[in-house]
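The values are calculated or read from the model by the stated rules, or taken from the named source; none is laboratory data. Note that this is a predicted model, so its numbers are computed, not measured. As a convention, Cβ positions derive from the backbone with ideal geometry for all residues, glycine included, and neighbour counts pool all protein chains shown. Calculation scope for accessible area: heavy atoms of the full protein, side chains included, ligands and nucleic acids excluded. Shrake-Rupley method; radii C 1.70, N 1.55, O 1.52, S 1.80 Å.
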Amino acid sequence: MQKHRTGNFFEDFRVGMRLRHATPRTLTEGDRSLYIGLTGSRAALGSADTCAAQLGLSRRPLEDLLVFNTAFGKTVPDISLNAVANLGYAEVRFLAHVWPGDTLAVESEVIGLKENSSRRNGVVYVRSTARNQHGQEVLTWIRWVMVHKRDHGAACGPAEVPATEPVVPAARLWHGDHGPAVREICGLTGVDDLWEDYATGERIDHPGAMTVNDSDHSIATRLYQNTARAHFDGFAMAAAGGQRLVYGGHVISLCKALSYDGLENALSILAINGGSHVNPTYAGDTIACATQVLDKPGLGLAHVGALRLRTIGIKNAPAAAVVFPPAGEGKAAHPANVVLDLDYTIAIPRRGR
Amino acid sequence: MQKHRTGNFFEDFRVGMRLRHATPRTLTEGDRSLYIGLTGSRAALGSADTCAAQLGLSRRPLEDLLVFNTAFGKTVPDISLNAVANLGYAEVRFLAHVWPGDTLAVESEVIGLKENSSRRNGVVYVRSTARNQHGQEVLTWIRWVMVHKRDHGAACGPAEVPATEPVVPAARLWHGDHGPAVREICGLTGVDDLWEDYATGERIDHPGAMTVNDSDHSIATRLYQNTARAHFDGFAMAAAGGQRLVYGGHVISLCKALSYDGLENALSILAINGGSHVNPTYAGDTIACATQVLDKPGLGLAHVGALRLRTIGIKNAPAAAVVFPPAGEGKAAHPANVVLDLDYTIAIPRRGR
Amino acid sequence: MQKHRTGNFFEDFRVGMRLRHATPRTLTEGDRSLYIGLTGSRAALGSADTCAAQLGLSRRPLEDLLVFNTAFGKTVPDISLNAVANLGYAEVRFLAHVWPGDTLAVESEVIGLKENSSRRNGVVYVRSTARNQHGQEVLTWIRWVMVHKRDHGAACGPAEVPATEPVVPAARLWHGDHGPAVREICGLTGVDDLWEDYATGERIDHPGAMTVNDSDHSIATRLYQNTARAHFDGFAMAAAGGQRLVYGGHVISLCKALSYDGLENALSILAINGGSHVNPTYAGDTIACATQVLDKPGLGLAHVGALRLRTIGIKNAPAAAVVFPPAGEGKAAHPANVVLDLDYTIAIPRRGR
């Protein structure tokens, strides 16, 4: 059974190892339609070609998280097929628009390894990069994931834990090129709130809520060609006393879509500074979320500013029930109904003078 | 929490008020694929580019109800986010084909208001119009919806109820330009029944039936970017002793798709004269339908005629169980398993001389 | 009720009868996206335009089974609307790539009829052919299906059972034109196993498993415009003491997608030699599969060889539980958890000298 693919286990990784993930993927308007159908995304930049043109773009770019989830999915067979848990993200940077018809190719480099004291598993740190068909970087990110050892007795090297930035600094944020026409987004969304209208510390309770169905998350996760068994193999999950888990990236997409109300003029995601899937989401759970403005980093631009946001996703409770614990306290700071704690930075037009 | 969007309540509307709905939406072949996957639509005009060419069109237009549901969805955040119930439609007119790549922008005008005697809510009448990227009207419709008041004590003006036409008259029906080649549709569908072969009063029992799954209606309703909470927030619906409602427009789409068998050569919908979601549909319900030919209005054309149809959708019973009560008797005339009573007009080729 | 379409019954068929199925269908990138979302397909040829170009194709062809299922769906209203069971396939030959934008038109010829001794139904044998918009054959197949009689007393002719080939011979296999660049697929999939690396008799346990949700199979089957009631009408199925059946073609698609791991460099399906839906699949079942290499027919080509494979799909058990009984023993040779026994031939690059 030499061709029974079992994926990499902890002891198979080496710091500096490079993995070229299979296979490149062309994304199209068909993927966008499905993304909208699965998440209810209303992001203005992705909604209409005419809107994109009005804002100075040649056409609609693909939704940021469609790109992120597709690129992420490519890494699963090599990195996290034998994962215990996905522990965290850092330095997720969106570096260029991805257009329908573009092809993403994804590579990863192992940048850290730390065996756990149980010697049954260990944490693998990877930096992954998605490039388009021109070789241009469109997305890079760091994630760390706890991976099983195949052989608990296997000898592993000393721990190497990479330093990661708690927040992607403004100087490393990429923003699309926008002239003053970008403010016409207000005419498209019918909402006038721009960069100047958000205050650090401000809280936004997003009014919507979305019940996740089994097919919703299964279709989304398959669309991303993510093969992690925990999302698909209900038989094995039940045999282990559990049930299928909703892919965390789908929960991020749902919260992003729900956050439209209150952040209507957001242009695109510039970075994800950090994120944690605090508790699992299962089919049948209803997701709501609230957002706090953490910071308003200047981009040094006349027409576009940035908002650093913290969105907390909650299940089976309204957005008003979300509590924002002090940042950096980890999962223990959250009650059991919190499913997501995401720190990210978006671009939004400035009113200017 | 200034950015907690709560939508408009009854007392926020004024007759003559114009609302430009967010945001325009480009529809593509991806949306059509999903529409077919969600409804099973087999409409000949949407099935193949070669068919469209044979019938004299440059390519496949998008399905009428994909256009209707998308345009309708745009109005929800402004008109019916706080709706008690969607009460009715009138004068729904399809005025031009919509092609893949076209962008729809939707506006509404408040044309009537009537506070209910309870003073807890009132009926809002709006005329909505969808235009393509060239500014051409592609769809207009009137609907009325019962909307909550935010403040039961708020003073409201006198009732203004607009007059609506019970049937869109033939002179106001738009039909695509078709030469004699339109009759080649018979070769595509394998069915010879044309305008002359339908008789006023004739009944057609459509043989199919479709069980609605939670993901089906959720994906459809999200595809239309319709944000009405009753379709998505299972937690809140259960807390109120209920469950998620299937969006009525999805039920219309299902009945239209089921009605293919018996109306194979229908070209497109010209108008919806009126419609009522008689009882709610829930996931797990199986929808069937029957159609009665109400009238055969001439369009004054050599190659195309119109059929005014009444389709009644029923749940968890076969099409043969549908009873056609006299028109205009309202919901009370129907048993509890009727979900839709739709009066609409389609175009179909004429055999001619 | 003359327009209540009831489909053909056994006594309606005649050997030599030709049926032109309604209606042609244009397939697009939207259909591919949905196909990937519903099955998790990772086939390299369909994954990226850049991959296709590297392998010498102008762009990504559509997935073979998307084409097969769409073409098959077209035959249902005429052939199997009144089917008791789909009994088998033979001589399924894929004769050309189908590209996004291509339109399929499907015809069938009745090639055999055999009334059952009960005189309540009989077996109909048809050869079906799908052609593209240029009239080129892209797919032909034989299937036989047990169909109800409308009138048990109807007189039927003598049995005529066509001879079918147990295996499509190599000389009748069509393969795309590939130069030596086809071996670059290894760089795309990250796997080096080519034609020479598979041995007759070798077994591959595919590691994945996929739980089927009601919406998954419903959306897939509607996408194919397949109208067989057993897949959609939960009310009627429950009234008869059963439940909706998952369309067998969806199970084939799932097994094909799962078989990616271990057969990563497969280029396309050349033929399905035979297949049986051994037991029904229902929503909630989890599908896994294993494959045995039956043969390695030479294609007489320098760069591409063929593998004849037998894939057995199983429900609610891991791939390791699959047992390969001797070929040709039929359904009785399989335990009750086997859902598919498929004998097919794929193209895969040769290492060459």
With the 8 Å Cα cutoff and a minimum separation of six or more residues, chain C has a relative contact order in percent of 20 percent
Give, in whole angstrom and from largest to smallest, the semi-axes √(5λ) of the equivalent ellipsoid of the protein assembly as shown, with λ running over the eigenvalues of the Cα gyration tensor. 42, 42, 25
For the stretch A:45-103, report the convex hull volume of the alpha-carbon atoms normalised per residue, in Å³, without decimals. 103 Å³
The stretch A:198-237, Kirkwood Rh and Cα Rg, ratio Rg/Rh at 1.25
At q = 0.17, 0.21, 0.26, 0.27 Å⁻¹, the log10 of I(q)/I(0) for the stretch A:150-229 from a Debye sum over equal Cα scatterers comes to -1.16, -1.10, -1.18, -1.22
Leaving out ligands and nucleic acids, note down the accessible area per residue over the stretch A:10-126 with a 1.4 angstrom probe, in whole Å². 27 Å²
Output row for A:GLY101: copy-to-copy label distances, label 7 Å along Cα→C-beta, ascending, in nanometres, one decimal, is 1.0, 1.1
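Need one value for C:201-208: mean number of C-beta atoms belonging to other chains within 10 Å of its residues' C-beta atoms.
Whole-number average of other-chain Cβ neighbours for C:201-208 is 4.
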B:MET237 accessible area, nearest 10 Å², 1.4 Å probe? 50 Å²
Which Rg and Dmax, in Å, describe the Cα atoms of chain B? 19.9, 69
Distance between modelled label sites at C:VAL323 and B:ALA154, nm, 7 Å Cα→Cβ extension: 7.2 nm
Only residues of the stretch C:10-28 count here: report those whose backbone N is under 19 Å from the spot 7 Å along Cα→Cβ of C:ASN116, or say none. C:10-14
Bin by bin, in steps of 10 Å, what percent of the Cα pairs in the stretch C:186-326 do you find, going until the bin that has the longest distance? 11, 36, 31, 17, 5, 1
When the dipole is taken about the Cα centre of the protein assembly as shown, and only Lys, Arg (+1) and Asp, Glu (-1) are charged at their Cβ, what size is it in debye, to the nearest 20? 100 debye
Just reorder A:ARG42, B:ARG127, A:ARG32 by solvent-accessible area, largest first, 1.4 Å probe, all chains present. B:ARG127, A:ARG42, A:ARG32
For the stretch A:132-222, with every protein chain kept in place, what is the accessible area per residue (1.4 Å probe, Å²)? 41 Å²
Relative to the other copies, what are the label-point distances for A:TYR282, with labels 7 Å from Cα along the C-beta vector, expressed in nm at one decimal and sorted shortest first? 2.1, 2.1
Would you please give the residues with an amide H less than 5 Å from that of B:GLY313, counting only those at least 5 places away or on a separate chain, with H modeled from the backbone geometry? B:VAL339, B:LEU340, B:ASP341, B:LEU342
Which net charge results for the neighbourhood of C:GLY7, defined as the other residues with beta-carbon distances under 11 angstrom from its beta-carbon, given Lys and Arg at +1 and Asp and Glu at -1? 0
With one decimal in nm and the nearest listed first, the spacings from B:ALA336 to its own position in the other copies, using label points 7 Å along Cα-to-Cβ, are 3.7, 3.7
Just report the Cα centroid separation between the stretch A:264-325 and the stretch B:339-353, whole Å. 49 Å
Taking each residue in C:275-285, count the Cβ atoms of any other chain within 10 Å of its Cβ, then average. What number comes out? 1
For q = 0.10, 0.13, 0.14, 0.20 Å⁻¹, Debye-computed log10 I/I(0) when each Cα of the stretch A:29-177 counts as one equal scatterer: -0.44, -0.69, -0.77, -1.24
I want the local charge near C:LEU270. Using Cβ-Cβ distances under 10 Å, sum +1 for each Lys or Arg and -1 for each Asp or Glu among the other residues. +2
For the stretch C:182-252, what are the per-bin percents of Cα-Cα distances with bins 5 Å wide, up to the bin holding the maximum? 3, 12, 16, 13, 11, 10, 12, 10, 6, 5, 2
Of the heavy-atom accessible surface of the protein assembly as shown (probe 1.4 angstrom), what whole percent is carbon and sulfur? 52 percent
Just order A:259-271, B:10-22, C:322-334, A:90-102 by mean Cβ neighbour count inside 10 Å, highest at the front, would you? A:259-271, A:90-102, B:10-22, C:322-334
The stretch A:18-70 and the stretch B:114-170 have their Cα centres apart by a whole-number Å value of 35 Å
Rel. contact order, % - alpha carbon contacts under 8 angstrom, at least six apart, the stretch B:101-177: 29 percent
Total accessible area buried between chains C and A, 1.4 Å probe, in Å² to the nearest 100? 3100 Å²
Using only Cα atoms and rounding to the nearest 10 degrees, what angle (0 to 90) does helix C:248-258 make with the longest principal axis of chain C? 10 degrees
Please compute the length gained on full extension between B:THR6 and B:ALA302, using 0.36 nm multiplied by the number of residues separating them and subtracting their Cα-Cα distance. 101.4 nm
Going toward the positive end of the dipole of the protein assembly as shown, with +1 on Lys and Arg Cβ and -1 on Asp and Glu Cβ, which of C:TRP174, C:ALA266, B:ILE287 do you reach last? B:ILE287
Rounded to the nearest 20 Debye, what is the dipole magnitude of chain A about its Cα centre when Lys and Arg each give +1 and Asp and Glu each give -1 at the C-beta? 840 debye
Measuring from the longest principal axis of the C-alpha atoms of chain A, the long axis of helix A:29-39 (C-alpha) lies at a number of degrees, nearest 10, equal to 90 degrees
Rel. contact order, % - alpha carbon contacts under 8 angstrom, at least six apart, the stretch A:228-307: 27 percent
